[in-house]
1. Rounded to the nearest 20 Debye, what is the dipole magnitude of region 52-118 about its Cα centre when Lys and Arg each give +1 and Asp and Glu each give -1 at the C-beta?
2. Give or take rounding to whole Å, what are the principal axis extents of the alpha carbon atoms in region 36-113, in descending order?
3. Could you tally the net charge around Arg58, taking each other residue with its Cβ under 15 Å from the Cβ of Arg58, Lys/Arg +1 and Asp/Glu -1?
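Just so it is clear, none of the values below were taken in a lab; they were calculated from the coordinates. Everything numeric here is computed off the predicted structure, so don't read it as measured data. Backbone-built Cβ (ideal geometry, glycine too); neighbour counts: all protein chains shown.
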Amino acid sequence: MTLVPAATATAPRRPRQSAGLPAPAVLRAMPTDLRVHTLEACLRRELQLRLRVPPAHRVSGDRPLRRQGVHPLLALQLKRALEHALDVAVPADLLCEGTLGEVAETLAAGLGGGPEVHEGGSP
C-alpha cells in the first residue's frame with residue numbers, strides 16, 4: 001500500500017492550462033481573421049484531448065458544443081482555463097450552447113487589438 005503525502009492530497013489544483021494557446025500578446029498582434037482561425041484550431045485540439053475524440057474524427061466548428069459532448073462541468077473547466085490563459089471573460093453558456101467558431105470569435109473580440117484585414121488583403 002502506497003501512502004500519499006498529506007500536502008499532495010490536500011493541495012488545491014489549478015485549472016488545467018489550455019494546450020497550445022499562444023500568448024495573448026501574440027494573438028493581439030495577428031489580423032482578426034487569423035486570430036479567430038488560430039483560436040479555433042487550438043480550441044479544437046483542446047476539446048479533442050478533453051473529450052478523447054478518436055484520431056479519425058474531429059470536433060465540428062459548426063455544431064453546438066453540447067451536442068458534441070461538452071457537458072456543464074467541462075464547460076466550466078474550459079471557461080476557467082481560457083480566462084486564466086487569455087485574461088478574457090468567457091460566457092459559460094457559450095461553451096455549452098455555442099459552436100466552436102462562436103467561441104473563437106468571442107475570444108478574438110475579447111482580446112482586442114490587432115490590425116484588421118480587408119478584402120484587398122491590406123490593413
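1. 440 debye
2. 36, 25, 19
3. On the way: positive: Arg44, Arg45, Arg50, Arg52, Arg63, Arg67; negative: Glu40, Glu46, Asp62.
Charge balance near Arg58 sits at +3.
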